[in-house]
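Here the structure comes first, spelled out in structure tokens, and everything after it is commentary.
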Amino acid sequence: MKVALVSEHANPLAALGGVDAGGQNVHVAELAKALAALGHDVTVYTRRDSATAPETVTTDAGFTVVHVPAGPPCSIPKDDMLPHMVQFGDFLADRWSVSRPDVAHAHFWMSGIATRRAAERLDIPHAITFHALGEVKRRYQGAADTSPRDRIPIERELACGAGRVIATCSDEAFELTRMGTDRARIAVVPCGVDLDMFGPTGPTLRRPTEQQYRVVTVGRMVRRKGFATAIGALAHIPDAELVVVGGPEAGQFEKDPEVVRLTRTAVRLGVRDRVRFVGQVSRENMPSLLRSADTVVCAPWYEPFGIVPLEAMACGVPVVASAVGGLLDTVVDGRTGTLVPPRDALSVANAVNRLLADHSLRQSCSAEAQQRAHRYSWSRIADDTVRVYSRILRTVSETTAVGESR
Ligand code: UDP
């Protein structure tokens, strides 16, 4: 099958951990790789955000990345990309009229706009994975939500226009249904984890501190990831250090407003000496860092999916996670870790303390976490995704056949 993945802001080749580079970049890169490994011809279309980026890159993983000229060739916040989606869509239409994909798959709502513009013009079946929904973001972020004004109604329309909407967890399927999407057109296919990279054995980062225990938290440096909750919890967890992973590249790190805010919180709570901000960590170094943790805390306010808990679980590390979004599907309370209410530092602390105090509980959670993570291999996710594409193509050919027999 010839597959076009459209991911306007999340480039599969980008460094991770900044404000706009995280799970979606990983998802698109790994899905593209796994689809290519199944023998499909995969091209990822992403916005060109550097004047020196070549138009086309052929990756070692067997897929191609096309940097689409839409807007200035420099980095811009994802929420400012909307005006460039017409140009993006026209580029796709030009390309696809010469080299037509069998199916197009948009990632994030703005990619949905560009994809639909091109796909409808050329009658190409398409799917969409939202990765995050404007409705949910508005609910939790309120006035701090910087999304363009019309995001919510546009998402509703995109969900109706796509051949299938691929939700990454049960909670998202529920949200989509609430938005008015026909349940029969929603497929749930989760994100995955690279099980060759993330596993219980392999190098483990040495602990340079005096503390007995290590708690790790990982994510893009944005408020809703709940790093403040993890720092608040540390005040009730004796004899542990908290390693905070993510944020801008070295050099800009100390100036980052979120890092400054979190540092102040740590000082105010008297735990500054036990919180280590390590900034962006590369993909290659992430497994050894996760393996060095006694537990990984994922304390977001809300979470469309959350790949980090799966990565920790694959490494055999129990996870203490907010009971929200995709974490409700991946983390099994009491078996692979603990689910706690969001924005509740004391509940996080209690759950972490219980794990740290009970070695056999940590061991049983570790074993179950590894087992559970194995359900989420990218090859399985790619298989499920292809099944969704095939269903869309079948529906199109059945509709065409009915039309012709009339
Ligand atoms: N990540 C990374 N280095 C960092 C911070 C994050 O490699 O410094 C990776 C992390 O391991 C995970 C992804 O970025 O694979 C974050 O995905 P998740 O779904 O947890 O969060 P999102 O970014 O989608 O909100």
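Scanning the range 316-345 for residues that are part of a loop (DSSP other than H, G, I, E, B), more than 18 Å from the chain's Cα centre (by Cα) and crowded, with 24+ Cβ neighbours inside 10 Å returns VAL317, PRO318, THR336.
For the range 7-57, filtering for residues that are away from the ligand (no atom under 16 Å from the Cβ) and touching a Gly at 6+ places or on another chain (Cβ under 6 Å) leaves 1. Flag not set for ARG139, criterion: more than 23 Å from the chain's Cα centre (by Cα) and within 30 Å of ARG264 (Cβ to Cβ).
Matching residues to (1) within 16 Å of the ligand (Cβ to nearest atom); (2) in a loop (DSSP other than H, G, I, E, B); (3) modelled with pLDDT of 95 or more; (4) touching a Ser or Thr at 6+ places or on another chain (Cβ under 8 Å):
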| site | (1), (2), (3), (4) |
| --- | --- |
| ILE237 | no, yes, yes, no |
| GLY247 | yes, yes, no, no |
| ARG261 | no, no, yes, no |
| VAL267 | no, no, yes, no |
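Restricting THR209, THR217, THR201 to those that are of a type outside the set (Phe, Trp, Tyr) and touching a Phe, Trp or Tyr at 6+ places or on another chain (Cβ under 9 Å) reduces the list to THR217.
Among the residues making up the range 249-259, those that are in a loop (DSSP other than H, G, I, E, B) and on the phi < 0 side of the Ramachandran plot are GLU249, ALA250, GLN252, PHE253, GLU254, LYS255, ASP256. Among the residues of the range 141-180, the ones that are among the small types (Gly, Ala, Ser) and over 22 Å from ALA323 (Cβ atoms) come to 8 in all. Out of GLY23, GLY17, one residue alone is closer than 20 Å to SER379 by Cβ and modelled with pLDDT under 95. It is GLY23. Would you say ARG224 is within 16 Å of the ligand (Cβ to nearest atom), within 27 Å of VAL352 (Cβ to Cβ) and basic (Lys, Arg)? When the stated conditions are applied, ARG224 passes them. The residue that is nearest to TYR213 (Cα to Cα), among those in the range 259-280 that are among the hydrophobic types (A, V, I, L, M, F, W, C) and buried (at least 20 other Cβ atoms within 10 Å of the Cβ), is VAL275. Taking the range 271-285 as the range and being out of contact with any strand residue (DSSP E or B) (no Cβ under 6 Å at 6 or more places or on another chain), more than 16 Å from the ligand (Cβ to nearest atom) and not in a loop (DSSP other than H, G, I, E, B) as the test, the residues that pass are ARG272, ASP273. Among the residues in the range 201-218, are any more than 14 Å from the ligand (Cβ to nearest atom), of a type in the set (Lys, Arg), in contact (Cβ under 8 Å) with a residue 60 or more places away in the chain and in a loop (DSSP other than H, G, I, E, B)? Yes; the residues of the range 201-218 include at least one that is more than 14 Å from the ligand (Cβ to nearest atom), of a type in the set (Lys, Arg), in contact (Cβ under 8 Å) with a residue 60 or more places away in the chain and in a loop (DSSP other than H, G, I, E, B).
Remark: pairs (first residue in the range 93-117, closer than 20 Å to MET81 by Cβ; second residue surrounded by fewer than 22 Cβ atoms within 10 Å (Cβ to Cβ) and of a type in the set (Asp, Glu); Cβ separation under 8 Å; 6+ apart in sequence or on different chains) = ARG117/ASP90.
None of ALA106, ALA70 is in contact with a Ser or Thr (Cβ under 9 Å, 6 or more places away or on another chain) and crowded, with 18+ Cβ neighbours inside 10 Å except ALA106. Residues that are crowded, with 21+ Cβ neighbours inside 10 Å, within 16 Å of the ligand (Cβ to nearest atom), under 30 Å from ALA36 (Cα atoms) and among the β-branched types (Val, Ile, Thr): does the range 383-402 have at least one? Checked against the condition, which is being crowded, with 21+ Cβ neighbours inside 10 Å, within 16 Å of the ligand (Cβ to nearest atom), under 30 Å from ALA36 (Cα atoms) and among the β-branched types (Val, Ile, Thr), the range 383-402 yields no hits at all. Considering the range 181-200, the residues that are within 14 Å of the ligand (Cβ to nearest atom) and crowded, with 21+ Cβ neighbours inside 10 Å include one that is farthest from GLY246 (Cα to Cα), namely PRO190. Of all the criteria given as (1) within 16 Å of the ligand (Cβ to nearest atom); (2) crowded, with 21+ Cβ neighbours inside 10 Å, the one not satisfied by ALA233 is (1). Look at the range 219-248: where a residue is more than 14 Å from PRO300 (Cβ to Cβ) and of a type in the set (Asp, Glu) and a partner is away from the ligand (no atom under 16 Å from the Cβ) and part of a helix (DSSP H, G or I), sitting 6+ places away or on another chain with Cβ atoms under 7 Å, you get GLU241/ARG274.
Kindly establish whether VAL352 is within 12 Å of the ligand (Cβ to nearest atom), out of contact with any helix residue (DSSP H, G or I) (no Cβ under 6 Å at 6 or more places or on another chain) and in a helix (DSSP H, G or I). When the stated conditions are applied, VAL352 does not pass them.
The values are calculated or read from the model by the stated rules, or taken from the named source; none is laboratory data. Owing to the predicted nature of the structure, the values given are computational and were not obtained by experimental measurement. FYI the Cβ positions are ideal-geometry reconstructions off the backbone, even for glycines, and counts take in every protein chain you see.
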